[in-house]
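Taking it in order: structure first as structure tokens, then the write-up.
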Amino acid sequence: MRVVIAEDSVLLREGLTRLLTDRGHDVVASVGDAEALVKAVGEMAVGGQLPDVVVADVRMPPTHTDEGVRAAVALRGSYPGLGVLVLSQYVEERYATELLAGSSRGVGYLLKDRVAEVREFVDAVVRVAEGGTALDPEVVAQLLGRSRKQDVLAGLTPREREVLSLMAEGRTNSAIAKQLVVSDGAVEKHVSNIFLKLGLAPSTGDHRRVLAVLTYLNS
């Protein structure tokens, strides 16, 4: 897996690099601001060596507001096949929604505290690089709360909402079954009901799983 890291904290940037390289992944660039991130990815694209995933902080120099997520959104638009995982100190709903709004795969939003859970963090990076999603449970909870107010999920049962929340984190059916202590078959039934109630027609691959989440994010 080829990774580009964009983080203005030198210690965190070096720590992320070490976490990934120790597990056999290739950190092909490590930068400290959004401008350098866009430049690095652009140069790799020209050379035909686009990275698999970018891990970027939401807030970066010079203003430390939204440079990182702006760069991430721009990169998603320029290179649709590029996985993008953003890190944030807090749940910032507007930024999470903006990043996810136009994306159906290869996208993630995690709180920085999640980095301490090394295995889960690395798994999330790999999942995004492979075209999946990785949303922090806190982000999911906040976005689901907003969606309930808009009655987007009014037709779902409490259990179906719970399954959808775990789907949004990027968990497989088996992982959801283990978390909820139910059978795989029960989870499959809940997932089918979610697709039906959200009006998602059958399709190939895992796109419906992501679209189920994006349905309420985009409403």
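So what does log10 I(q)/I(0) come out to for the chain at q = 0.07, 0.09, 0.12, 0.15 Å⁻¹, using the Debye formula with one equal point on every Cα and no solvent?
Debye intensities relative to I(0), on a log10 scale: -0.21, -0.35, -0.62, -0.94.
Over all pairs of distinct alpha carbons, what does the Kirkwood formula give as the hydrodynamic radius of segment 1-48, in Å?
Numbers: mean 1/r = 0.0909 Å⁻¹.
Every distinct Cα pair counted, the radius reaches 11.0 Å.
Where nothing but the Cβ of Lys and Arg (+1) and of Asp and Glu (-1) is charged, how large is the charge dipole of the chain around its Cα centre, in debye to the nearest 20?
Roughly 700 debye for the chain.
Tell me, what ³J(HN,Hα) does each residue in segment 75-86 have, in order and in whole Hz, if you take phi through Karplus 6.51 cos²θ - 1.76 cosθ + 1.60 with θ = phi - 60° and put x for Gly and Pro?
Coupling constants for segment 75-86: 5, 4, x, 7, 10, x, x, 7, x, 10, 10, 9 Hz.
Could you give me the ³J(HN,Hα) list for segment 4-19, computed from phi with Karplus coefficients 6.51, -1.76, 1.60 and θ = phi - 60°, whole Hz, x at Gly and Pro?
For segment 4-19, the Karplus-derived couplings read 10, 10, 10, 8, 6, 7, 4, 4, 5, 4, 5, x, 4, 4, 5, 4 Hz, x marking Gly and Pro.
How large is ³J(HN,Hα) for each residue in segment 118-129, as worked out from phi by the Karplus curve 6.51 cos²θ - 1.76 cosθ + 1.60 (θ = phi - 60°), to whole Hz, x for Gly and Pro?
Using θ = phi - 60°, the values come out as 3, 4, 5, 5, 4, 4, 5, 4, 5, 4, 5, 4 Hz.
So who's got an amide H within less than 5 Å of the one on V86, skipping anything under 5 residues away but keeping other chains? H placed 1.01 Å off N, in plane.
A56, G108, Y109, L110
Considering the options Q179, G15, M44, tell which one lies farthest towards the positive end of the dipole of the chain, charges being +1 on Lys and Arg and -1 on Asp and Glu at the Cβ, about the Cα centre.
In the chain, that residue is Q179.
Rank these for me by crowding, M1, M60, going from fewest to most other beta carbons within 10 Å. Intermediate results must be reported in sequence, preceding the final value.
Working: M1 19, M60 26.
Result, fewest neighbours first: M1, M60.
Could you put I194, I5 in order, starting from the residue whose Cβ has the fewest other Cβ atoms within 10 Å?
Listing I194, I5 from fewest to most nearby Cβ atoms yields I194, I5.
Under 5 Å between amide hydrogens, which residues at least 5 positions from V31 or on another chain qualify, with H placed 1.01 Å from N in the peptide plane?
Amide H neighbours of V31, under 5 Å, 5+ apart: I5, A6, E7.
Stokes-Einstein diffusion coefficient for segment 1-93 at 25 °C in a medium of 0.890 mPa s, Rh from the Kirkwood formula over Cα pairs: what value in µm²/s?
Values: Rh = 13.1 Å.
This corresponds to a translational diffusion coefficient of 188 µm²/s.
Do you know the Lys pair count in the chain for C-alpha distances under 30 Å, with sequence separation 8 or more or different chains?
For the chain, qualifying lysine pairs total 9.
Since every read-out is calculated from the coordinates, none of them should be taken as a lab result. Quick caveat: nothing in here was measured; it's all calculated off a predicted structure. Note that each Cβ is placed from the backbone with ideal geometry, even for glycine, and that neighbours are counted across all protein chains shown.
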